[in-house]
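The values are calculated or read from the model by the stated rules, or taken from the named source; none is laboratory data. All of these numbers come straight from a predicted model, not from anything done at the bench. Every residue, glycine among them, receives a Cβ derived from its backbone with ideal geometry; neighbour counts consider all protein chains shown. In case anyone asks, the SASA skips ligands and DNA or RNA and just uses the protein heavy atoms, side chains included. Shrake-Rupley method; radii C 1.70, N 1.55, O 1.52, S 1.80 Å.
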Amino acid sequence: MSVAFKPDETFRDDFTFRNSPQAIRRFPLPFPEDKYMYSVNIEAHRAGPMGSVIEFPIDIDEHYVAECRERALVLQEDPLRFQAMPHMMSAQWDCLELIMESLSRDYPQHFTLARQGNRWDWTNRPLGIQQAFTFGDPTTLPQQPLDYITRQVQGDWVVMDQREGDLWAEAGMVTTQADWSLNFDIGMSFKEWHGPVPLAHEMGVFDRALKYLLGLRLNEPVRRLNWTMTVNPRLDTSPETYHRWGTDRASITPQNVADKVHLRVELQGLWRLPRSNGIVFSVRGYLISMRELATVPKWAKRVHRVLRDLHPALMDYKGLTRYRDTVVGYLAPFDDGAPTTPGTAPE
């Protein structure tokens with residue numbers, strides 16, 4: 001599959017990020033019905049429809065080159081966005097293999113992996129990278145294996161070690177997160193890491209999720225969708241940079257809401273790793289402005305209803321309190337009250 005990249009768009013300063021009509025149609029709407037309550041919603045990570053974000057295990061889209069450049073800028077400012085504990089080296093190589101195999105298999109026009117035993121040759125044409133290295137020898141790469149390969153893929157990646165009947169977040173590349181910090185969460189158990197999520201703990205969501213993930217099998221990855229909203233198409237909304245984006249929430253008006261407020265959806269994938277027996281958790285973010293969303297009539301109706309009726313605790317957790325009513329007001333004229341069809345596909 002060949003992708004037409006838009007290398008010059010930005011996710012800071014002048015915010016030139018936009019979705020093409022094709023990118024809008026493939027956006028992963030997270031609401032299969034006209035209401036929302038937090039749930040596990042895990043399903044098998046199998047191949048989806050051609051052209052969709054789940055056609056392949058790891059999605060590469062038109063924003064790929066620009067997002068990789070944004071990651072490099074974040075790492076230049078804050079190298080601690082990548083961290084890995086020493087005992088996670090085997091898991092790092094597992095992740096490198098997973099990503100290189102996936103990209104070279106599913107996007108052969110853009111990526112090539114040639115292997116002769118432990119001697120590997122990697123070509124990334126969109127980023128102009130060619131690297132010969134010895135698999136298993138970190139001295140043959142310019143960065144640690146996980147650092148090296150996740151600079152060349154979209155989304156955040158957290159690697160969890162499994163021991164003592166729990167999962168521990170002990171390596172990761174996190175530069176596009178929605179208000180959480182790898183530097184704070186590194187070394188935490190699964191439930192500690194997800195501690196701030198309201199209602200889910202009382203509902204037993206994370207007890208069930210942990211039990212499920214501890215039994216995750218090799219070659220049987222799973223996925224789920226999560227969502228929040230972001231002011232401006234800003235990828236890096238981390239606690240470390242709150243001073244840059246925190247005040248954005250107070251800037252929304254009826255005049256600018258259509259272009260400034262973005263639905264931010266995370267396609268979260270989880271894979272069992274073959275050598276380390278760890279689990280890698282990918283968090284791939286997609287952004288769509290309210291103006292772009294409203295070009296799909298069903299989605300405008302559904303998001304209007306979801307936000308209008310959202311539980312107050314979830315509204316506060318997702319940071320929507322200041323501008324939820326403004327977004328609902330913008331979307332209301334697109335909602336004629338007619339029933340919507342089940343599922344997330346456009347009408």
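Scanning the range 100-114 for any residue that is in a helix (DSSP H, G or I) and exposed (fewer than 15 other Cβ atoms within 10 Å of the Cβ) turns up at least one such residue.
Checked against (1) surrounded by 19 or more Cβ atoms within 10 Å (Cβ to Cβ); (2) in contact with a Phe, Trp or Tyr (Cβ under 9 Å, 6 or more places away or on another chain), residue 284 passes all but a single condition, namely (2). Given (1) at pLDDT below 95; (2) crowded, with 18+ Cβ neighbours inside 10 Å, where does residue 292 come up short, assuming only one miss? Every condition holds for residue 292 apart from (1).
Can you tell me which residues in the range 137-155 are in a helix (DSSP H, G or I), more than 29 Å from residue 265 (Cβ to Cβ) and touching a residue at least 40 places away in the same chain (Cβ under 8 Å)? Walk me through how you get there before you give the answer.
At the first step, the residues of the range 137-155 found to be in a helix (DSSP H, G or I) are 138-140, 145-150.
Then drop every residue that is not more than 29 Å from residue 265 (Cβ to Cβ), which leaves 138-140.
Answer for the range 137-155, where residues must be in a helix (DSSP H, G or I), more than 29 Å from residue 265 (Cβ to Cβ) and touching a residue at least 40 places away in the same chain (Cβ under 8 Å): just 138.
May I ask you to verify whether residue 119 is crowded, with 22+ Cβ neighbours inside 10 Å and out of contact with any Gly (no Cβ under 8 Å at 6 or more places or on another chain)?
Details: crowded, with 22+ Cβ neighbours inside 10 Å: no; out of contact with any Gly (no Cβ under 8 Å at 6 or more places or on another chain): yes.
For residue 119, the condition - crowded, with 22+ Cβ neighbours inside 10 Å and out of contact with any Gly (no Cβ under 8 Å at 6 or more places or on another chain) - is not met.
Return the only residue of 282, 276 being part of a loop (DSSP other than H, G, I, E, B) and at pLDDT 95 or above. Spell out how you get there, then give the answer.
Numbers: 282 fails: part of a loop (DSSP other than H, G, I, E, B).
Matching residue, one of 282, 276: 276.
Within the range 7-25, the residues that satisfy the criterion of being in a loop (DSSP other than H, G, I, E, B) and within 15 Å of residue 64 (Cα to Cα) are 7, 8, 9, 10, 11, 16, 17, 18, 19, 20.
Scanning the range 27-82 for residues that are among the acidic types (Asp, Glu), within 24 Å of residue 179 (Cβ to Cβ) and assigned to a loop (DSSP other than H, G, I, E, B), which turns out farthest from the chain's Cα centre (by Cα)?
78
Considering the range 295-318 alone, what residues qualify as being more than 24 Å from residue 346 (Cβ to Cβ), open to solvent by 10 Å² or more (accessible area, probe 1.4 Å) and not charged (D, E, K, R)? The answer is 311, 312, 313, 315, 317.
Each residue in the range 223-259 was checked for being buried (at least 22 other Cβ atoms within 10 Å of the Cβ) and in a helix (DSSP H, G or I), and 0 of them qualify.
Tell me, please, whether a residue that is modelled with pLDDT of 95 or more and touching a Gly at 6+ places or on another chain (Cβ under 6 Å) can be found in the range 50-68. Yes, the range 50-68 contains at least one residue that is modelled with pLDDT of 95 or more and touching a Gly at 6+ places or on another chain (Cβ under 6 Å).
Can you spot a residue in the range 321-344 that is touching a Leu at 6+ places or on another chain (Cβ under 6 Å), open to solvent by 20 Å² or more (accessible area, probe 1.4 Å), part of a loop (DSSP other than H, G, I, E, B) and more than 30 Å from residue 94 (Cα to Cα)? Among the residues of the range 321-344, at least one is touching a Leu at 6+ places or on another chain (Cβ under 6 Å), open to solvent by 20 Å² or more (accessible area, probe 1.4 Å), part of a loop (DSSP other than H, G, I, E, B) and more than 30 Å from residue 94 (Cα to Cα), which makes the answer yes. When residue 90 is tested against the conditions (1) at pLDDT below 95; (2) closer than 23 Å to residue 188 by Cα, the lone failure is (1).
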